[in-house]
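Below is one structure, written out as structure tokens; the observations come after it.
The values are calculated or read from the model by the stated rules, or taken from the named source; none is laboratory data. In this text, all values refer to a predicted model and were calculated from it rather than measured experimentally. Cβ placement follows ideal geometry from the backbone for every residue including glycine, while neighbour counts extend to all protein chains displayed.
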Amino acid sequence: MSSNPSQTTFTLRVPSELQAAAKEHAKQEHISLNSLIVRLLEREVAQKGTP
């Protein structure tokens, strides 16, 4: 497996109901669950700005 220095991996623990809802949302958007989570994180960080 090759590693991309511009990306990192981490474990995220979420309630199973939230995971199921997020998977369904990603499916409706025709994107992966990972892409959905990255998109949501990017949006939140952009709205809050950097400290």
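Residue count for region 8-20, restricted to those that are within 13 Å of the chain's Cα centre (by Cα) and not β-branched (Val, Ile, Thr): 5. Within region 22-38, the set of residues being loosely packed, with under 13 Cβ neighbours inside 10 Å and either more than 15 Å from LEU12 (Cβ to Cβ) or over 10 Å from the mean Cα position of the chain (by Cα) (or both) comprises GLU24, LYS27, GLN28, GLU29, HIS30. Look at (1) at pLDDT 95 or above; (2) within 10 Å of the chain's Cα centre (by Cα) and you find that LEU41 fails only one, number (1).
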